[in-house]
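Working notes, structure below.
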Amino acid sequence: MDLITHVRKILVVRLGAMGDIVHTLPAVAQLKSKFPNAHVTWVIESKWKPLLDDNPDVDEVVTISLTQWRRYPGSLSTWSSFRAFCDRFRQSEFDVAIDFQGLLKSAAVTYISGAKRVVGFDRKVLRERTAALFYSDHVLPYSKHVVDQNRDLTMIVGASKTPAIFSLPSGQCSPLLPDGEFVLTAPIAGWMSKQWPAKYYTELARLIWRDRRMPLVLDCAPQDSAYVEQICVGAPKGSCIVHNSSLKELIAATRQARAVVGVDSGPLHLAAALNVPGVAIYGPTDPVRNGPYGNSFHLMRSYETTTSYKRSEVVHPSMLRVKPDQVWKALKSVLDSHPVDKVRS
């Protein structure tokens, strides 16, 4: 495998989702550090674009609407949008495209780009192994955490590992947040098996309110409001606040939070990237690979848990074994060891 040099134009492909995009930021920072004069283009799904606002390592952001394309595959607007996307890329003359996602849909984007070299993970570690057919260069990562595995991909262009940099925007302030201190959580995860039971959040809100008079802010997308609102039923008045947010508002709320309680989902990884302190509750997924990056989080996982990446529509039994009083004990320690005036870097 020959080292790729003389790079002028780089294509980064990581379409989604939130946590995965956050996990790719340090790798892209390494690329820009190695080739400061190269033009870096990132292809991303439209709904995640705010994560790349004002990113100094990305020169151009190209959005695609996969949800719309899948919903209306035969419509004129879909075909027109897809054709414009293809035409734009064919004129770009990328020296290298790097597929950080490793799925057929992301590999197809690298193919459409016409890049001279296409870098991706070795098929042994791909969920959709046929994606490797689109790559000219295959990298078998040697690191354990997914952030560092993404950084391993950049080694083929000669980038060297430096301290991880997460360039994230400031976000947009939300009028729904309380005026004082609060603990932030996002109860919804991509898979139900990674979620913590709703009744546990209710009890956690009660414990935080009893001891600290600090509300638990439940962040969610509007379509998840009904589920999240049930958490507040039975919680003391004022202890629980539902925060229907945009992505920009979530970023700002995370920066403002006194601490974060989360599961293996995008909002947790966003908080870890922003160096916000908190407690991470893990079940079936492996925290060694997918845990919060850095040292700002206290990790909780049942000793009886067996790692699994099988998607399920029920809460995993291991999540039931992490009790609210245990989480509150850990959270109290986090709050006490991170004073309000502590500067986050």
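Values in this text are rule-based calculations from the coordinates and carry no lab data. Keep in mind it's a predicted model, so treat the numbers as computed, not measured. Cβ atoms come from the backbone with ideal geometry, glycine included; neighbour counts cover every protein chain shown.
Brief remarks follow.
- Spin-label model, residue 210 to residue 127: label points 7 Å out along the Cα-to-beta-carbon direction sit 3.9 nm apart.
- Loop-located chymotrypsin sites (Phe, Trp or Tyr not before Pro) in segment 249-322 whose Cβ has at most 11 other Cβ within 10 Å (DSSP): 303
- Our summary gives the chain a relative contact order of 16 percent, counting only alpha carbon pairs under 8 angstrom and 6 or more residues apart.
- Across the chain, the longest piece that holds none of the trypsin sites (Lys or Arg not before Pro) lying in DSSP loops with up to 12 other C-beta atoms within 10 Å covers 9-126.
- Phi-based couplings in Hz for segment 193-202 (Karplus 6.51, -1.76, 1.60; Gly and Pro marked x): 5, 8, 7, 8, x, 4, 5, 5, 5, 4
- Most mobile listed residue (136, 46, 75) in the chain, GNM with C-alpha springs under 10 Å: 75
- For the residue pairs 194/329; 144/323; 199/237; 248/329; 116/310; 9/161, the alpha carbons lie more than 24 Å apart in 144/323; 248/329; 116/310.
- FRET E, pair residue 54, residue 304, Förster distance 41 Å, beta-carbon r, rounded to 0.05: 0.40
- Backbone geometry of segment 42-47 corresponds, through the Karplus equation with coefficients 6.51, -1.76 and 1.60 at θ = phi - 60°, to 3J(HN,Hα) couplings of 10, 9, 8, 5, 3, 5 Hz, x marking Gly and Pro.
- Here each label is just a point 7 Å from Cα along the line to Cβ, and for residue 3 and residue 321 those points are 4.7 nm apart.
- Anisotropy class of segment 1-146 from Cα gyration tensor, a/c 1.5 cut: rounded
- Whether segment 232-345 is rounded, prolate or oblate, judged on the alpha carbon gyration tensor where a/c under 1.5 counts as rounded: rounded
- Within the chain, 86, 173, 220 have no other Cys Cβ under 4.7 Å of their Cβ and so lack a disulfide-compatible partner by this rule.
- Straight-distance crosslink candidates among aspartates and glutamates, where the alpha carbon sits under 17 Å from residue 332 and sequence neighbours closer than 8 are dropped: 181, 203, 211, 341
- Exposure rule at most 15 other beta-carbon atoms within 10 Å, DSSP loop GluC sites (Glu not before Pro): the chain longest free segment: 182-303
- Short-range pairs are left out: with C-alpha atoms under 8 Å and at least six residues apart, the relative contact order of segment 183-337 is 28 percent.
- For residue 32, the aspartates and glutamates whose Cα comes closer than 17 Å to its Cα, not counting residues fewer than 8 places off in the same chain, are 53, 54, 57, 59, 60, 95, 99, 148, 152.
- The chain - convex hull of the alpha-carbon atoms, volume per residue in Å³: 140
- Separation in nanometres of the label points that stand 7 Å from Cα toward Cβ, at residue 340 and residue 289: 4.2
- Three-way shape call for segment 159-200 based on the alpha-carbon gyration tensor, with the a/c threshold at 1.5: oblate
- Loop-resident sites, segment 118-191, for chymotrypsin sites (Phe, Trp or Tyr not before Pro), counting at most 16 other Cβ within 10 Å (DSSP): 142
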